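Student: Please find one structure pasted underneath; my questions will follow.
The values are calculated or read from the model by the stated rules, or taken from the named source; none is laboratory data. This structure is a prediction, so every number in the text was calculated from the model and none was measured. Heads up, the Cβs are rebuilt from the backbone with ideal geometry, glycines too, and the neighbour counts pull from every protein chain shown. Each accessible area value is taken on the protein alone, full model and side chains, heavy atoms only, with ligands, DNA and RNA left out. Shrake-Rupley method; radii C 1.70, N 1.55, O 1.52, S 1.80 Å.
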Number of protein chains: 6
Amino acid sequence: MRNDHREVNQLREVTIETDYVKHPEGSVLISFGDTKVICNASVEDRVPPFLRGQGKGWITAEYAMLPRATESRNIRESSKGKVSGRTMEIQRLIGRALRAVVDLDSIGERTLWVDCDVIQADGGTRTASITGAFVAVVLALGKLVDGGKIKKLPVTDFLTAISVGVLPDGKEVLDLCYEEDSKAHVDMNVVMTGQGEFVELQGTGEEATFSMPQLQTMLSLAQEGVEDLVKMQKEAIGNWAEIIEKAQDSEKK
Amino acid sequence: MRNDHREVNQLREVTIETDYVKHPEGSVLISFGDTKVICNASVEDRVPPFLRGQGKGWITAEYAMLPRATESRNIRESSKGKVSGRTMEIQRLIGRALRAVVDLDSIGERTLWVDCDVIQADGGTRTASITGAFVAVVLALGKLVDGGKIKKLPVTDFLTAISVGVLPDGKEVLDLCYEEDSKAHVDMNVVMTGQGEFVELQGTGEEATFSMPQLQTMLSLAQEGVEDLVKMQKEAIGNWAEIIEKAQDSEKK
Amino acid sequence: MRNDHREVNQLREVTIETDYVKHPEGSVLISFGDTKVICNASVEDRVPPFLRGQGKGWITAEYAMLPRATESRNIRESSKGKVSGRTMEIQRLIGRALRAVVDLDSIGERTLWVDCDVIQADGGTRTASITGAFVAVVLALGKLVDGGKIKKLPVTDFLTAISVGVLPDGKEVLDLCYEEDSKAHVDMNVVMTGQGEFVELQGTGEEATFSMPQLQTMLSLAQEGVEDLVKMQKEAIGNWAEIIEKAQDSEKK
Amino acid sequence: MRNDHREVNQLREVTIETDYVKHPEGSVLISFGDTKVICNASVEDRVPPFLRGQGKGWITAEYAMLPRATESRNIRESSKGKVSGRTMEIQRLIGRALRAVVDLDSIGERTLWVDCDVIQADGGTRTASITGAFVAVVLALGKLVDGGKIKKLPVTDFLTAISVGVLPDGKEVLDLCYEEDSKAHVDMNVVMTGQGEFVELQGTGEEATFSMPQLQTMLSLAQEGVEDLVKMQKEAIGNWAEIIEKAQDSEKK
Amino acid sequence: MRNDHREVNQLREVTIETDYVKHPEGSVLISFGDTKVICNASVEDRVPPFLRGQGKGWITAEYAMLPRATESRNIRESSKGKVSGRTMEIQRLIGRALRAVVDLDSIGERTLWVDCDVIQADGGTRTASITGAFVAVVLALGKLVDGGKIKKLPVTDFLTAISVGVLPDGKEVLDLCYEEDSKAHVDMNVVMTGQGEFVELQGTGEEATFSMPQLQTMLSLAQEGVEDLVKMQKEAIGNWAEIIEKAQDSEKK
Amino acid sequence: MRNDHREVNQLREVTIETDYVKHPEGSVLISFGDTKVICNASVEDRVPPFLRGQGKGWITAEYAMLPRATESRNIRESSKGKVSGRTMEIQRLIGRALRAVVDLDSIGERTLWVDCDVIQADGGTRTASITGAFVAVVLALGKLVDGGKIKKLPVTDFLTAISVGVLPDGKEVLDLCYEEDSKAHVDMNVVMTGQGEFVELQGTGEEATFSMPQLQTMLSLAQEGVEDLVKMQKEAIGNWAEIIEKAQDSEKK
């Protein structure tokens, strides 16, 4: 049995609150159990130097934790004067994942800045960030559509992320909380589209290894979790969901 | 008339939500109108090098804004690799103010880390931070008392902060929102105890100056605001309020 | 009695030596007792990015201490790779204060860089810096007038700064030396114009508080000190004094 | 057909030259085609603070490229004053991978510093680094055994890494060179033990996604590549190979 | 007798391998005994801001050591976030020296980036760097000539560098290895042209001093070493040697 | 004729004012013409980590310029967040030079911090710094002797520095002012003891070279300058001069 009595394939309670902060074009507070992340998407009317003059857009993400989001307080990265390797890995992952489902050619020379700020952490902050960031991005792009700045929602599919892992007893489980995560032998983050395609797969043995059958089981669990998350995203984004479903269909053809 | 129809001596709606984040010893979400700040107080069982071996404690504060707490997105200080002068000024102010009402000799060799993270900004973030941080500190110190680590609540008085200013029409007003603040000729932050003593006074003419009578009027407005804020702090901290009131009395004698 | 036998309302010996360094447009060595600061004003023929194309100028200040200006040696900020919060606060204060008495619209797209470098410190370095920087700025602007680059001296009033405080015995005093400052319960810096208007007011209780009557007494002392300092500034700037006095008069009308 | 006429499951020419630099305890120059990496393993007789007093060791890795290892010159990270996110990701990966096959409890309070310096880059620098670093680490640990500092080679299995990917024509291929890598739709790095267990799996769609069948094909290709690389590692480490094979056997039981 | 049995005026074995790395326009691996340095020259089609629009070029050099080039491992300068004083001194020296023999007016608005990366260090890394960098620069400039981008090789003379010193027994010697260098009382680096003119002279007493006669002896030894090094450079650069010799002749007239 | 009508072997007016700043153990204001440098020597009762427990001392130097010491204002190194290569070179040079004439074994585990701050620059700041720093160091060490902390003045000889160079007309000159220095073909700094031994020799051709006869002439000029400087140092240090002269004599034997 898992320490919080969940089934191996059971997500923690997930909630998505939209329009959480008033200034950003898209703003979401997402919770995966006790993990809470504010995901804000901001639109800037220019692109980084390497893209200028090409008529296409960009998405970049930043990730941070409040110092006391965790059990013991972390030193602020602004005080240390540099961003940790872990933070860099996560923000690169979030940006790359979002770019896989947004048609950057259709948003003009604009940058979407996606800020994922963890206010309370209990495992799975990067997967919650991606899942919430997708919603914030759809809302921000929706505002561009509503404002007549772009013609149609340039989103080709849903995008969610979930963690899977192998516990010390050898059991594969879905959506690890911090207590599970800190003991797990294998930790894997899976980023998938609404149609079940992989966008990112990052599995790590923690002073341990994993076999092909274990990999298969973990990927099946991930697939189950993703389906549930897509449902919640659809509710959060309202009418935009239908437009993304149509985009999925046209992709299939 | 003020742009949000308030009287010159009227605060915006102020709310204080305690136990907002689960890990910190004291945690508060405070709102002054649309300004929202998470104030977390963390207890660390050691002091900075300059205090070691003296048997007394320390309080230090850090302040930050989410990048999109404001109308347009700010670059993260961790990305810039350094903390701005404005941030430094504010966090030094918060720490100094709190140290004026906490008896550092009575908390043992412990550091209270106070993190004020602005998630939505609309003027007055530093005064909201101080007012909320005081509540978070009382709750954290209360836990030390409840856990038997210190004998009694080492807080000598309430502590609140409020802004006052002079608008372009020459009118002195209390608790400026961002729209007022950005146009004001004079901007003053007043940090006061529950008994109406000054802890900090910082007044600045913005390419302008102010006279002694204007100063007097602003200080009176501040005093009115402080009384209201202390009432809200008392509600937020529950039973601890009575103990602080007793401390006030003994100070007076 | 004060440790150096001064009256409570008595300044230390103040001297202002002009043209101290040969390269800057305005250069002053100012002493407040044993506190000695070189104040250099440099003219640069462009403004920071946020002001370009607006036809107006800017004043910015930097402040530093020689490592051994103080009793024990401080690590150089260039070696530490970052500027301390204290330094930032002071240089922001100096710049803001100067901008209050210079008509930035009348100096064209130019930046005045004001460098205050403390070569010997004995308390009151920031107030000496402001008082000396004003003289350096007038001399630099005077050179622009003499060189035909601007039409008239764009200075609307004198600008001086002085510290006041409350000593442990409860006595309010003017112009604290280091020994007094390090023990004072209250420390306040007052920046005033020649006409007695406030430009900045920064009062701080050091693990202490202060009452309204104490504030009043301190502000009176400050006003006395300011009058003396203005006299010395007038001597230092020679003929330019008369022009500033005329500007004062026209302001009053 | 691939641009360099290789089969889809064919490695580039791989060479491993041992004792390349004279000072390090283990030193290797590894080539995967035109990709050349110096892998040096250094032994330090202490561990990082978080491990002190626990009697166990640590492995940490650093990765860098000479500025002109690539087609166009890169700015040195020491000149920029910070390490890029890409570099951090790679060096964290190398360290984590090596720690999975070395028994850190058996090396005493020592740190193995593994430096992977790319002197010429043509794709696959991180996989070449891991494959070469394993050899350097075995040689360094072997010296500790030979010097009587530890009792037996604390290596539980071989460790190799290889890249696989999906080319624009939809073909899955092994060991991508730079030209292939820069166009690939999917890029995956697989770190495996000699017994075919996964240590790390990192697959990324580059503005694209991949399906479960594509994943399966890529993992099979990786497995083929790994077998070849293990053979070359065995040659490079000589007699130590036998000892690792015995460790593999005892792991299986 | 010297610890490696050399005569006082004898160089260590020097080898120069050209085209060592494939991407740079000029690439050399140079060895002075066990000191091995990769010298890469890269051509960039623009100049630093201070030279723009003047129609002339620039040469800049960077120097680094692999962390384990030395007996004990050094912390990477990219990890420290700053470049040491020693590194800065050396790279400024290399750049200045090369600029003395290249006619910058004849290379157009181009920058030659010269990277000297020490992969194994045994004393004399800066002199090996300069000697090797000269060859890399000639090869890179030769490519510009061959590609028709500049008309003729803009190199006015050969450029070599060698160390001399005074050992503890008072003996002056040429080309000190690390063991000698670490004990030497005087350490001098001499950069000379093929015609025996000085480009740089840097002599340092290490908690010691040296007399005029000692200086004379050291300079004579340096001159002998330089002649040998020029011969090796001529071999390495092939036909370009003749062109430089002609340039020497025309300089003399 | 030189632009300021000096003879080729004539120093600018040199003055040395002792006890310039009150806090440091040794403090000097030295002028070489319009070049003015404050040299402060501070005693710290501990040594850097690499020397701890060896019973010997250390001397380290730092060098900086006020931003407007020069014709046009320089950005402060503390604002840039890093120290330039030029600054590093100079401060390493100053420290090394001083260590050559102080017997570090006789000062106990103490560090002498020497701060050379240029308040006005007109060429030759590093040679003025060394010449002034020597006096500050003698005064600081003298205080240690007077205070009974060390037995005798641990200074083995005088130490001065002077620049020489070759002007565009081919003339060798002593003590270049800025106007000469900026045009010179060769620039050489010579650090010598009172007995005429070399401590440091740094000669640089600025896109030019120099011959052995030119070197000889420059070194003769330097020797003349050094004799004059030693006389001024003797006056500045008073009675300590005699003790150093005795140390010179005992060295000779």
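Student: If you check every pair at least six apart or on different chains, which have Cβ atoms under 6 Å apart with a residue in the range A:7-28 that is over 20 Å from A:Val230 (Cβ atoms) first and a residue that is aromatic (Phe, Trp, Tyr) and surrounded by fewer than 21 Cβ atoms within 10 Å (Cβ to Cβ) second?
Tutor: These pairs meet every condition: A:Ser27/A:Tyr20.
Student: Residue by residue through the range C:19-32, note down the ones that are over 15 Å from the mean Cα position of the chain (by Cα) and closer than 28 Å to C:Asp181 by Cα.
Tutor: Within the range C:19-32, no residue meets the criteria.
Student: Return a yes/no flag: does the range D:143-166 have any residue that is within 30 Å of D:Arg46 (Cα to Cα), of a type in the set (Gly, Ala, Ser) and buried (at least 16 other Cβ atoms within 10 Å of the Cβ).
Tutor: yes
Student: Another question, if that's okay. Look at the range E:197-242 and say how many of its residues are of a type in the set (Gly, Ala, Ser) and under 30 Å from F:Leu159 (Cβ atoms).
Tutor: Of the residues in the range E:197-242, 6 are of a type in the set (Gly, Ala, Ser) and under 30 Å from F:Leu159 (Cβ atoms).
Student: Just one of (1) within 14 Å of chain C (Cβ to nearest Cβ); (2) under 25 Å from C:Asp157 (Cα atoms); (3) without any contact (Cβ under 8 Å) to a residue 60 or more places away in the chain trips up B:Asp169, so point out which.
Tutor: Against the list (1) within 14 Å of chain C (Cβ to nearest Cβ); (2) under 25 Å from C:Asp157 (Cα atoms); (3) without any contact (Cβ under 8 Å) to a residue 60 or more places away in the chain, B:Asp169 comes up short only on (1).
Student: Which one of these is away from chain C (no Cβ under 13 Å), open to solvent by 30 Å² or more (accessible area, probe 1.4 Å), out of contact with any helix residue (DSSP H, G or I) (no Cβ under 7 Å at 6 or more places or on another chain) and basic (Lys, Arg): F:Arg12, F:Arg73, F:Arg52?
Tutor: None of the other options fit; the residue is F:Arg52.
Student: Here's a follow-up. Hey, D:Asp45 hits all of (1) surrounded by fewer than 19 Cβ atoms within 10 Å (Cβ to Cβ); (2) farther than 23 Å from E:Glu71 by Cβ but one; which does it fall short on?
Tutor: Going through the list (1) surrounded by fewer than 19 Cβ atoms within 10 Å (Cβ to Cβ); (2) farther than 23 Å from E:Glu71 by Cβ, D:Asp45 breaks only (2).
Student: For the range A:89-98, indicate whether the set of residues that are more than 14 Å from chain D (Cβ to nearest Cβ) and surrounded by 17 or more Cβ atoms within 10 Å (Cβ to Cβ) is non-empty.
Tutor: no
Student: Can you name every residue in the range B:172-186 that is buried (at least 19 other Cβ atoms within 10 Å of the Cβ) and in contact with an Asp or Glu (Cβ under 6 Å, 6 or more places away or on another chain)?
Tutor: The answer is B:Cys177, and nothing else.
Student: While we're looking at this one, here's another question. Just checking, how many residues over the range C:95-140 are within 14 Å of C:Ile38 (Cα to Cα) and among the β-branched types (Val, Ile, Thr)?
Tutor: Number satisfying all stated conditions: 9.
Student: If you don't mind, there's one more thing I want to ask. Out of C:Gly165, C:Gly142, I need the residue that is touching a Leu at 6+ places or on another chain (Cβ under 8 Å), in a helix (DSSP H, G or I) and of a type in the set (Gly, Ala, Ser). Which one?
Tutor: Exactly one residue qualifies, and that residue is C:Gly142.
Student: Considering only the range C:15-31, state which residues are within 14 Å of chain F (Cβ to nearest Cβ), open to solvent by less than 40 Å² (accessible area, probe 1.4 Å) and either in a loop (DSSP other than H, G, I, E, B) or under 30 Å from C:Val166 (Cβ atoms) (or both).
Tutor: If the condition is that a residue be within 14 Å of chain F (Cβ to nearest Cβ), open to solvent by less than 40 Å² (accessible area, probe 1.4 Å) and either in a loop (DSSP other than H, G, I, E, B) or under 30 Å from C:Val166 (Cβ atoms) (or both), then C:Val21, C:His23, C:Pro24, C:Ser31 are the ones that fit.
Student: Next question, about the same structure. Condition first: open to solvent by less than 60 Å² (accessible area, probe 1.4 Å) and assigned to a helix (DSSP H, G or I). Now tell me which residues in the range D:194-215 satisfy that.
Tutor: Passing the criteria: D:Met212, D:Gln214, D:Leu215.
Student: Residue check, F:Ile130 against (1) open to solvent by less than 40 Å² (accessible area, probe 1.4 Å); (2) more than 14 Å from chain E (Cβ to nearest Cβ), all met but one. Which one?
Tutor: Condition (2) is where F:Ile130 drops out.
Student: Consider only pairs whose beta carbons are under 7 Å apart and that are at least six residues apart or on different chains; among these, list those whose first residue lies in the range C:107-126 and is more than 18 Å from C:Arg68 (Cα to Cα) and open to solvent by 10 Å² or more (accessible area, probe 1.4 Å) and whose second residue is in a strand (DSSP E or B) and among the polar types (S, T, N, Q).
Tutor: So the pair list comes out as C:Trp113/C:Ser42; C:Trp113/C:Thr60.
Student: I'm checking my understanding of the structure. Among residues of the range D:216-231 that are out of contact with any helix residue (DSSP H, G or I) (no Cβ under 8 Å at 6 or more places or on another chain) and either basic (Lys, Arg) or open to solvent by less than 50 Å² (accessible area, probe 1.4 Å) (or both), which one is farthest from D:Ala140 (Cα to Cα)?
Tutor: Within the range D:216-231, the match that is farthest from D:Ala140 (Cα to Cα) is D:Met218.
Student: Among the residues of the range C:77-88, which ones are surrounded by 20 or more Cβ atoms within 10 Å (Cβ to Cβ) and over 26 Å from C:Gln202 (Cα atoms)?
Tutor: Correct list: C:Ser78 only.
Student: Scan the range F:179-217 residue by residue and report those that are under 14 Å from the mean Cα position of the chain (by Cα) and within 7 Å of chain E (Cβ to nearest Cβ).
Tutor: If the condition is that a residue be under 14 Å from the mean Cα position of the chain (by Cα) and within 7 Å of chain E (Cβ to nearest Cβ), then F:Thr193, F:Phe198, F:Val199, F:Glu200, F:Leu201, F:Gln202 are the ones that fit.
Student: So, E:Asn40, is that one farther than 30 Å from C:Lys80 by Cα, buried (at least 21 other Cβ atoms within 10 Å of the Cβ) and in contact (Cβ under 8 Å) with a residue 40 or more places away in the chain or not?
Tutor: Yes, satisfied.
Student: Out of curiosity, is A:Val83 within 10 Å of chain D (Cβ to nearest Cβ), among the hydrophobic types (A, V, I, L, M, F, W, C) and more than 24 Å from A:Leu139 (Cβ to Cβ)?
Tutor: Here the answer is yes, as A:Val83 does meet what is asked.
Student: Out of everything in the range A:99-127 that is at the interface with another protein chain (Cβ under 7 Å from one of its Cβ atoms) and within 30 Å of C:Lys82 (Cα to Cα), what residue ends up being farthest from the chain's Cα centre (by Cα)?
Tutor: A:Ile119
Student: Of the residues D:Phe32, D:Phe50, which single one is at pLDDT below 95 and aromatic (Phe, Trp, Tyr)?
Tutor: Only one candidate passes the filter, namely D:Phe50.
Student: Out of the residues in the range E:55-70 that are within 19 Å of E:Val145 (Cα to Cα) and open to solvent by 20 Å² or more (accessible area, probe 1.4 Å), state the one that is nearest to the chain's Cα centre (by Cα).
Tutor: Of everything passing the filter in the range E:55-70, E:Trp58 is nearest to the chain's Cα centre (by Cα).
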